[in-house]
Amino acid sequence: MRFAFTRVLPYMEDMQTQNPFLDEFAKLTTAFMGIAASAGDEAKTALRSQADRIAAELDLVRREDFEVLKVQVAALTAELAALKLASSKPGAAAKATASQPFGAKSKTKKGE
């Protein structure tokens, strides 16, 4: 491998360590870095599986399901408020039956 500075310092082109201690130390350091990286990956995997297990035990809901239920609750709350307002006014029973909740069938007879 050549670097930009090899032309300035041509003697570094073929430089290798002649010391076996330094060679072994470099090999050990490289091996240790590999072990540390795989230990980090293993820790991430273990932590993620533990978090998934805890979430399953707590019976948590997904965000999409929560948003759907939130919209449904808001619609039902508005409808309940409208029904309470309609029932508090005299003679407003016909208006209250006009707004049926979520596909409920009308209970009035056809002749009325």
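The values are calculated or read from the model by the stated rules, or taken from the named source; none is laboratory data. This is a predicted model, so every value here is computed, not measured.
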*Restricting attention to the stretch 30-78, which residues are assigned to a helix (DSSP H, G or I) and of a type in the set (K, R)?*
K44, R48, R53, R63, K70
*Check whether at least one residue in the stretch 48-68 is of a type in the set (D, E) and at pLDDT below 85, and report yes or no.*
yes
